[in-house]
Structures are given as C-alpha cells and as structure tokens.
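Colleague: Quick one: the structure is below, and I'll ask about it shortly.
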Amino acid sequence: MDVRRRPSKALRPAPKEPSSVPEPTGAKASDALPLPLYFTNALFFTLFFSVAYYLLLRWRDKIRNSVPLHVVTFSELAAILSLIASFIYLLGFFGIDFVQSFIARASNEAWDLVDEEEGEDHRHRLMDCSPSMADHIIPAVSSAEDEEIVDLVVKGTIPSYALEEQLGDCKRAVRIRREALQRITRRSLQGLPLDGFDYGSILKQCCEMPVGYVQIPVGVAGPLLLDSFEYIVPMATTEGCIVASTNRGFKGIYASGGATSTILRDGMTRAPVVRFPSASRACHLKFFLDNPSNFQTLADEFNKSSNFARLQGVQCSIAGKNLYMRFSCTTGDAMGMNMVSKGVENVLAYLRNEYPDMDIISISGNFCSDKKPAAINWIEGRGKSAVCEAVIKEEVLKKVFRTSVATLVELNMLKNLAGSAVAGALGGFNAHASNIVSAIFIATGQDPAQNVESSHCITMMEAVNDGKDLHISVTMPSIEVGTIGGGTQLASQSACLDLLGVKGASKELAGANSRLLAKIVAGSVLAGELSLMAAIASGQLVQSHMKYNRSTKVGS
C-alpha cells in the first residue's frame, strides 16, 4: 500500500498571479543588467527583431546568388549570436512565469484526480512538509486527543459551534476549530493571529465560532480641548491621513480656545409592528398610545425590567391595518438596544391583554430605525443628539490650515450643503464624519454597523467677528454609543475608554459617561471636518493621501 502523503489544496503551490511589480527574490534574465527594466526589455525586443530581419535579408541574397548558407561573414556570425542571446533573454523573462503556472495547474488537477479515486478518507491528510511548507500549518493541534477532535469536527460528528461548551477551554476550542477549518477548506490561515487574545471574554457575548482575531492599528489624536477639558482620542483605522488630519483639527481648535458641546436628546428607540383585523382597530390602539393619560401605565410596564431604562415617549405610524410604535427611552451608560427591547416586550404583553385581536408581527418593524439610513433618525434623533461648535481665529486659519474664512464658508456651502442636496443625501451634509465616527467606534468597542446613523451630520460654517474669524459647528442627531456592555468590556477597547476617562458606568450620574463619549465623538468630527475642508480649500488633499495613504510595500 502506498503510504506517501500528498499536500492538501491549502498547501499546494498556488498558480502565480500576474503582477506589475517585480518579484523581490529570484533572479531573472534582466537582473544582470544595471538598466531600468522597461529599457532592457525594449532593447532586447529591438535587437531580436532587427537581427532576425537582417539575417533573412542576407539569406535571401545568398539563395539568389547561389552562395552556400553555411558560409557566413563576421557580421552574420555576430547577428546569429545576438539573435540567440536576445531569444534566451525573452524566453527567460516572459516564459518562466507561464511554465510555472502551467505546471502548478497541472499538479493541482492531478491531485484532484487522485482525491476522487482514493475517496474522502485521504482528503484532509497533510503531507510531510518541508520547513517552508510547514509554516503554513498554523496552528497545529497539540495532542493526539485534539487530533481526534479535529477529525470529528471535520466529519461533522461534533458541531464546530459546540466546541467551547464541550471542551470548557475557549482557546483550545479556537485552536481545534481553526485547524479543522484549514483542513476542510484547504486554505491556510497564516497571518490571522491566534495567541494574545482572551477568547473567554467574547463567549456568548461578542462573536461566535472564533478562529482568531483581526489586528487594527490604533492611533491617538489630541489633545481635544472640549468644554474646558482635554482629551486624547484613540482612533482605530487602516486609512492613512485620518488620525493626522483629525490631530491637525484638534491643534487649530486648541489654539482658538477650544470647542463647546451640548447633548440635545438622549433616547434609544425600538419600534415593533403589530397587525389588526382592520385599520380602525389599529387606529384605536394608536389613539390609546397617544393619550397622555395612558403614558404612566405604559411607562410602569416598560420600566419594570431595568433599573436604568425609562420610557420617554411613544410615536405611532399607521400603514393600513398595521401599526408601528416607536418607543424611546433613556438607557444609562449602555447603548441600550437590549434594554429597550425588553421594555417593549413588557408593553406588548400588557397591550395583548387589552387588545386580544392584536397580532405581534415583529419586535422591530424598521421604524426604529437601526443600522439603516432613515429620515426619522435625522429628524427625531436616536441615541445621543449632540451639537458641537468652535470659533477658529483668522491667524490660526492662516498658520495651521493655510486657508481663509471666506474660502471655507464658500466651500462648505457648495460642497457640504448644496452638493449633498443635489445628491439627495440623507444626513450626509458633511465632508467625512463617517471616517472619524468609525475610527472611534472601533477603538472603543461600539457597534461599527451603527456608524450608518451615527454619522448623520450637518456641518455649518459662517464668518463672525466682522468676517475675521470662522464659526464652525456640527450637529449630529443620532450618535449611538455606550460605555458598558457589548465590545466595551474587551481589554483593548476598555483601555481606549479608560484613556478618554469614560470607562464603565458613571458612579455620579447614570448615563454621564456615555453622553460624554458622544460629545467627544462630536468634537472629533468637528476637528476632522475643519481639517479636511481646509485641505481641500488649499489643495493639500491629494498630496497628503499620496504621502500617507499609498503603500509602496510589496507583499511577500
């Protein structure tokens, strides 16, 4: 019996992708010439076709004059040698990649045929690797027992999602799941980190069936001088210029005396949809909910499941015999989606007794509206509604931002206001609020998907103090943040919240930390808007992105 092992698909050499960037290792025919690559190619192309044409002309003349072809002159001999040399160069430069890719494809097809003939038992065996190939098997299981469990996961005997519960060891479960995934997919997870993460902290809370974690760099900008306090703001992003640009905005705001902010509203929403046999019955419930005398009864039912959830109001909308009820409530320092959902379930149970013909269709009917652009969030707000403003002095605009008041005011009107209106924007009357919101959200453990409505922002600019200074403000009606729960409890995100001084629940006033975080987000957006608009006005945008956001590294 043949006991030799063959590589799985994940470990077989992949067909080489064509690239415009020369390989960092491995010599080619052109490497011997200290000339630019395009010049070397052109030289040998020209040489090959020139000498070929010359030889054809000489051989034609010999045939006409009955001169033997093997009798060559010195010039003809040089031409033949040049033809051979240029042919070898062109074959070496352009032929090797083709031959290698052809061999790789043929090898993979051969292994596929062997797989089909020998059956499924051999599909997930790994070859006896050379050191370079063994590097791709990361991580390997650590014991024979783990190897057996991997085989059971591969065969489907043990569900992958049940590993943590059955093993009682989160990291071991991740390691086994990861190895099983590599064997099933025949794809390597090299480069996806495994060690250095507390997988127990996300169990049944943040992520299911983990196989590793993704690294996102965190930069800091600041200080942000906001309401007479200074903050160093962590930002997690993979886009160049974002942190640097926001930092420049902070510098300009600080030099001008700082920014001020206000929380206008604080209320998370959830909107169930219910159906009645008739539209009139749906309207009857709407009138009941709209009646102020019934509010306290609803609030008592809503608030009984939480010490922090407090019902603020109910907004109703009718669509035929369907009724949408948008409940709004305070949620302390939590972002509050689970809190408000529990309160809504309490109210629905109470209403079901009063309206037995009511059919509950969904706890969320999209009238909330969560993680989707919606006019109701833009108009009514969701989460924290904040406004932040600053007056930037004329000398600061010239020295730090290299622009003027009049230029920025005109640009803001034409770009952020008129341009967004022409585009039919919904809450997008700004330059790039989403960049700053996303970076802070990821760093502090917020739900990144709620960037959709949290980035709703209108940026306003106008000349003040006899036209010498610039008044800039951002109004953001639906910043959805929390300082407890969800991803805020993870070590990295918790450290970033601690850096801002808003970690956990406020001991002095419920909700104070989450409201302060919303203010910091608004202040950071203000700085980002100011800096980017100034860069556009002064023509610095493209140059800065070419410097900071263009990678020149060649992947290995």
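The values are calculated or read from the model by the stated rules, or taken from the named source; none is laboratory data. It should be emphasised that the depicted structure is a prediction, and the values quoted were computed from it without experimental measurement. Note that we place each Cβ from the backbone using ideal geometry, even for glycine, and neighbour counts take in every protein chain shown. Side chains included, ligands, DNA and RNA excluded: accessible areas come from the protein's heavy atoms. Shrake-Rupley method; radii C 1.70, N 1.55, O 1.52, S 1.80 Å.
Colleague: In the stretch 48-73, which residues are farther than 18 Å from LEU90 by Cβ and hydroxyl-bearing (Ser, Thr, Tyr)?
Modeller: Selection gives SER66, THR73.
Colleague: So in the stretch 388-408, with the set limited to residues that are closer than 20 Å to LEU224 by Cβ and out of contact with any strand residue (DSSP E or B) (no Cβ under 7 Å at 6 or more places or on another chain), which one is surrounded by the fewest Cβ atoms within 10 Å (Cβ to Cβ)?
Modeller: LYS399
Colleague: Can you find a residue in the stretch 463-480 that is open to solvent by 20 Å² or more (accessible area, probe 1.4 Å), more than 16 Å from ARG382 (Cβ to Cβ) and without any contact (Cβ under 8 Å) to a residue 60 or more places away in the chain?
Modeller: Yes; the residues of the stretch 463-480 include at least one that is open to solvent by 20 Å² or more (accessible area, probe 1.4 Å), more than 16 Å from ARG382 (Cβ to Cβ) and without any contact (Cβ under 8 Å) to a residue 60 or more places away in the chain.
Colleague: Looking only at the stretch 212-231, count every residue that is over 13 Å from ILE253 (Cα atoms) and either open to solvent by 30 Å² or more (accessible area, probe 1.4 Å) or over 23 Å from the mean Cα position of the chain (by Cα) (or both) and tell me the total.
Modeller: 7
Colleague: Let me spell it out: the conditions are (1) on the phi < 0 side of the Ramachandran plot; (2) at pLDDT below 95, and PHE250 meets all of them except one. Which number is the exception?
Modeller: All conditions are met except number (2).
Colleague: Criterion first (open to solvent by less than 10 Å² (accessible area, probe 1.4 Å) and not in a strand (DSSP E or B)) does SER385 satisfy it?
Modeller: Considered against the rule, which asks whether it is open to solvent by less than 10 Å² (accessible area, probe 1.4 Å) and not in a strand (DSSP E or B), SER385 comes out as no.
Colleague: Residues that are in contact with a strand residue (DSSP E or B) (Cβ under 6 Å, 6 or more places away or on another chain), within 30 Å of ARG515 (Cα to Cα) and assigned to a helix (DSSP H, G or I): does the stretch 229-246 have at least one?
Modeller: Checked the stretch 229-246: at least one residue is in contact with a strand residue (DSSP E or B) (Cβ under 6 Å, 6 or more places away or on another chain), within 30 Å of ARG515 (Cα to Cα) and assigned to a helix (DSSP H, G or I).
Colleague: Keeping to the stretch 255-265, report how many residues are crowded, with 20+ Cβ neighbours inside 10 Å and either within 27 Å of the chain's Cα centre (by Cα) or not in a strand (DSSP E or B) (or both).
Modeller: Total satisfying the criteria: 1.
Colleague: Which one of PRO217, PRO210, PRO159, PRO234 is under 30 Å from GLY523 (Cβ atoms) and without any contact (Cβ under 8 Å) to a residue 60 or more places away in the chain?
Modeller: None of the others qualify; the one that does is PRO217.
Colleague: Continuing with this model, one more query. Has the stretch 510-518 got at least one residue that is within 29 Å of LEU408 (Cβ to Cβ), part of a strand (DSSP E or B) and among the aliphatic types (A, V, I, L, M)?
Modeller: The first filter runs over the stretch 510-518 and keeps only residues within 29 Å of LEU408 (Cβ to Cβ), leaving 516-518.
If we keep only those that are part of a strand (DSSP E or B) as well, we get none.
No: zero hits.
Colleague: While we're on this one: Just need a number here: residues in the stretch 329-342 that are in contact (Cβ under 8 Å) with a residue 60 or more places away in the chain and in a helix (DSSP H, G or I).
Modeller: 5
Colleague: Being crowded, with 22+ Cβ neighbours inside 10 Å and not small (Gly, Ala, Ser) is the filter here; which residues of the stretch 232-246 pass it?
Modeller: Within the stretch 232-246, VAL233, PRO234, MET235, ILE242, VAL243, THR246 meet the criteria.
Colleague: Anything in the stretch 275-328 that is among the basic types (Lys, Arg), more than 35 Å from the chain's Cα centre (by Cα) and under 26 Å from GLY383 (Cβ atoms)? List them, or say none.
Modeller: Listed by number, the residues that qualify are LYS286, LYS304.
Colleague: State all residues of the stretch 448-462 that are assigned to a strand (DSSP E or B), touching a residue at least 60 places away in the same chain (Cβ under 8 Å) and either open to solvent by less than 10 Å² (accessible area, probe 1.4 Å) or of a type in the set (Val, Ile, Thr) (or both); if no residue qualifies, say none.
Modeller: Those that are assigned to a strand (DSSP E or B), touching a residue at least 60 places away in the same chain (Cβ under 8 Å) and either open to solvent by less than 10 Å² (accessible area, probe 1.4 Å) or of a type in the set (Val, Ile, Thr) (or both): CYS457, THR459.
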